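Structure first, commentary second.
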Amino acid sequence: MLERTIKNHVRNRLKKLGAYYFFPVQMGLGESTVDILACYKGQFIGIETKAPGGKLTERQIFVLEKIARAGGYAVVIDSKEKVDEFLTADNFSR
């Protein structure tokens with residue numbers, strides 16, 4: 001399965017939930033970030049997508065840890081099953 005397929009599944013799930021989401025384009029300006037930034041029910045979510053078996057870079061680990069320390073959800077998703085497991089309305093409450 002390609003990373004692009006997983007990103008599309010994440011996009012579709014976020015859209016179905018009614019979440020705000022953004023796929024930043026890294027252009028060397030400002031802070032580095034993860035593949036997808038989202039907000040759902042007042043919760044900040046940073047998502048890094050990988051093809052199955054894909055490894056995180058040191059920068060990606062750093063950014064995910066920074067998001068988690070700030071109180072956001074920081075998640076790595078490498079399968080459609082993980083998308084369906086993590087991105088459910090029940091996992092986010094106010």
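Please treat every number below as a calculation from the coordinates, not as lab data. All values reported here derive from a predicted model rather than from experimental measurement. With ideal geometry, Cβ positions are generated from the backbone for all residues, glycine too; neighbour counts draw on all protein chains shown.
What number of residues within the stretch 69-90 satisfy the criterion of being free of Cβ contacts under 8 Å to residues at least 24 places away in the same chain, surrounded by 15 or more Cβ atoms within 10 Å (Cβ to Cβ) and farther than 10 Å from Thr49 by Cβ? Qualifying residue count, the stretch 69-90: 1.
Every residue in the stretch 34-57 that is under 8 Å from the mean Cα position of the chain (by Cα) and of a type outside the set (A, V, I, L, M), please. Scanning the stretch 34-57 gives Asp35, Gly46, Glu48, Thr49. Do you know which residues across the stretch 1-59 are polar (S, T, N, Q) and either touching a residue at least 40 places away in the same chain (Cβ under 8 Å) or surrounded by 15 or more Cβ atoms within 10 Å (Cβ to Cβ) (or both)? Within the stretch 1-59, Thr5, Thr33, Gln43, Thr49 meet the criteria.
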